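Engineer: Please see the structure below; I have some questions.
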Amino acid sequence: RRDTDRTHHHPRNHEPLLNMRYHVDPNHTPASFEPIPAGTYEVVVVSSDWKAAKSGGRYVNVRLDVTEGKYAKRCIFWRCNLESTSEKAREIANDQMHAFCLSAGIKGWEHPADLVGLTAHAVVRIGKAQEGYDPQNEISTFKWDPAGAPPAAPRNAAAPAAPVTPAPRKAGWA
């Protein structure tokens with residue numbers, strides 16, 4: 001039975017979806033979720049924030065989007081375990097973050113959100129399938145100009161980046 005007068009609710013926010021319909025576009029090709037080939041890609045940080053790790057500690061979860069070429073707009077997730085419970089994981093994460101900062105032309109950051117909008121050159125590999133998941137792209141490192149010059153200003157900024165001072169927290173906010 002079809003009841004087109006019924007108001008449906010979106011499961012997340014309970015806003016009514018009145019008479020919502022979806023029609024398949026025969027000319028649309030769905031996006032691929034296959035890993036992109038191993039190589040070096042220019043990427044931009046789309047989002048970046050702390051996440052709790054299952055094993056304790058936390059990591060910086062970064063979404064990078066490829067900006068150029070055949071794989072433009074494809075995303076790669078980078079988990080940078082800066083506060084891992086494993087010393088080896090922290091060491092790898094520190095090396096990766098150092099390489100990212102050099103590639104992006106910054107000297108550091110105070111909050112992962114400071115990375116959003118920065119571009120860098122990511123060296124991407126295809127990781128092994130594990131825990132029931134298909135192989136996925138992984139970041140092995142980032143490339144930068146090894147000439148020894150101090151990091152340049154970020155390419156997307158008009159002036160050198162100044163340290164970010166966190167906004168004061170409002171009363172009652174955690």
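Engineer: Please specify each residue of the range 72-85 satisfying the condition of being open to solvent by less than 50 Å² (accessible area, probe 1.4 Å) and hydroxyl-bearing (Ser, Thr, Tyr).
Structural biologist: SER84
Engineer: Among the numbered conditions (1) assigned to a strand (DSSP E or B); (2) modelled with pLDDT of 95 or more; (3) more than 15 Å from the chain's Cα centre (by Cα), tell me where LEU17 comes up short.
Structural biologist: Failing condition for LEU17: (2).
Engineer: Which of the residues that make up the range 113-139 are part of a strand (DSSP E or B) and at pLDDT 95 or above?
Structural biologist: Once the filter is applied, which keeps residues that are part of a strand (DSSP E or B) and at pLDDT 95 or above, the range 113-139 yields THR119, ALA120, HIS121, ALA122, VAL123, VAL124, ARG125, ILE126, ASN137, GLU138, ILE139.
Engineer: Given the conditions (1) farther than 19 Å from TRP144 by Cβ; (2) open to solvent by less than 30 Å² (accessible area, probe 1.4 Å), and given that VAL124 satisfies all but one, which numbered condition is not satisfied?
Structural biologist: VAL124 satisfies all of (1) farther than 19 Å from TRP144 by Cβ; (2) open to solvent by less than 30 Å² (accessible area, probe 1.4 Å) except (1).
Engineer: Criterion first (of a type in the set (S, T, N, Q) and under 14 Å from the mean Cα position of the chain (by Cα)) does THR85 satisfy it?
Structural biologist: No, not satisfied.
Engineer: Name the residues in the range 36-69 that are among the small types (Gly, Ala, Ser) and outside any loop (DSSP other than H, G, I, E, B), would you?
Structural biologist: GLY39, SER47, SER48, ALA52
Engineer: Shifting gears a bit: Does TRP109 fit the bill of being in contact (Cβ under 8 Å) with a residue 12 or more places away in the chain and either surrounded by fewer than 13 Cβ atoms within 10 Å (Cβ to Cβ) or not in a strand (DSSP E or B) (or both)?
Structural biologist: Judged against the criteria, TRP109 is a match.
Engineer: Step by step: first the residues of the range 51-67, then only those that are open to solvent by 60 Å² or more (accessible area, probe 1.4 Å) and modelled with pLDDT of 95 or more, then the one that is nearest to the chain's Cα centre (by Cα). Which residue is that?
Structural biologist: First pass over the range 51-67, keeping only residues open to solvent by 60 Å² or more (accessible area, probe 1.4 Å): 51-52, 54-55, 58, 63.
Filter once more, so that each one left must be modelled with pLDDT of 95 or more: 51-52, 58, 63.
Values: LYS51: 12, ALA52: 16, ARG58: 15, ARG63: 1 Å.
Ranking the qualifying residues of the range 51-67, first place goes to ARG63.
The values are calculated or read from the model by the stated rules, or taken from the named source; none is laboratory data. These figures come from a predicted structure and were not determined experimentally. FYI the Cβ positions are ideal-geometry reconstructions off the backbone, even for glycines, and counts take in every protein chain you see. Note: accessible area is taken over every heavy atom of the protein model, side chains too, but ligands, DNA and RNA are not part of it. Shrake-Rupley method; radii C 1.70, N 1.55, O 1.52, S 1.80 Å.
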